[in-house]
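What follows is calculated from the coordinates using simple rules that are stated; it is not laboratory data. Note that the structure is predicted; figures quoted are calculated from it, not measured. Here the Cβ is made from the backbone with ideal geometry for all residues, glycine too, and neighbour counts use every protein chain on show.
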Amino acid sequence: MKPVARAFLSATAMTAAASLAAPLAAQTTSSARSAGMAGAYQAIATGAEAIRWNPANLGFPDRPSWSLSLPRLNLAGTILGPGVTDVKDILDKGDDLTDHDRQLFLGKVPDAGFELSGGASIPWVSLSVGPFAAEASTTVLAGGSVGKEMMDLMLYARQYGDIDHERLSEYRVGNTALRDAAYSTLALSYGRQVNSLVPLPFPVSVGVTARYVKGHDLQRGRIFEPSVDIDAEELSIQALSLRSTGGSGYGVDVGVSARPLPALTVGLSVQNLVQKMEWKEQLELRGHLFRSTELADMSVGDMYDQLESRPFDPSSAPLEAYALANEIYEQTYFPRVVRLGAALRSGSTTLGATYSTTAGKGELSEGWPSYLAAGIEQKLPFLSFLIVRGGAATSLDGATAFSGGTTIQLGPVGISAAISRLKGNNESSTPGTFDSTRFANRLAAGDGVGFSFGIDLRGN
């Protein structure tokens, strides 16, 4: 295979590897219980789970006397474009790849390119005692994309062992980029019933959560459009990323819950009513100008050696780095999230509904920008230790989720798991641009799955 083709394949491999290595995050989740009901949990969450959903729920007297959640794992991820099976099939073709196979695969790639989106939410420990609760957690959000033109030419080179030199001027990178953020949160919540202070006809509780946020990583990476020397048949590709290694911030949430009927709970909560997030401005630059002549015999290890981080020096950085510098901090704070919820309990059955929406800018959001969810939780009378859940959600702009889950309750110990199937709205990025859109929007665009698991203990 000639150097230009190897250069193109190597650049594509680097980007695909970086995107596929990105951790994945959940759509609607702070626990396996809430994930099992597709996020229809705002008025149901009690104990430590109320921290993320509505701290006002901590004020009702039927809360658990205490609760403790051990490290939990909430994962999900979505793909916009060919599915996992399609990718596997095209890779399995090997030398048997045909024009029909290539065109069939490319027909499933949006004009803006192939996208992966997701993240991971890991609540390390959550604890509640009476009306007080605390939680420490880590969140990772990530996304990557590979341009359609790049995939087309990569598959052509794979099929024929060389590029189509008549199409050399068509080499395009398109939306080939990666984006990630990682931060940890310490949250403290308090809820109180206010009927002793204000005469009301039914129980009403208010709550507040204060959060301190520690940023660990904020990164924007991009492969820029290649420079092609047609006469020399040489290709030059600039691959760059900028990274901030830390940051800090805070947020304040408020909530109110009411019980107009003994079996009915309704609630309203506002997450990030007040918030601030700042990232360090001492940026690290990674990147290199790769030429086809050097890429021809360069191993993956050699390529990564060229990507060693160094301080970002505006006086010596390549011009392309300024494009990343202008957008790395774009909306890298938390949006305001407003949630309305209702829960109806009847014997061993609990029905829940939640409407959630983001207000204003800010891309550090773990779930869909907006959704409406309904779910059910059922304690089985013939298996008293087993609780089953199910739910469905819509993003209101075409994405849907169907979830199911269960809890095995052994005395005070509950072992919970949930799985979700996500169907995206297929709203791709703008073709020909580096789309730095919100993690939440990209998550809602693609198809995927989610999984949650956790162990918690609760007092009476």
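Mind sorting Arg421, Arg291 by how few other Cβ atoms lie within 10 Å of their own Cβ, fewest first?
Arg421, Arg291
Kirkwood hydrodynamic radius computed over the stretch 76-200 comes to 18.6 Å, based on all pairs of distinct alpha carbons. Estimated at 0.36 nm per residue, the fully extended path between Ser346 and Ile408 surpasses their Cα-Cα distance by 20.3 nm. Count charges around Leu68 for me, please; just the other residues with Cβ under 12 Å from its Cβ, Lys/Arg as +1, Asp/Glu as -1. Spelling it out: positives minus negatives among the neighbours equals -1.
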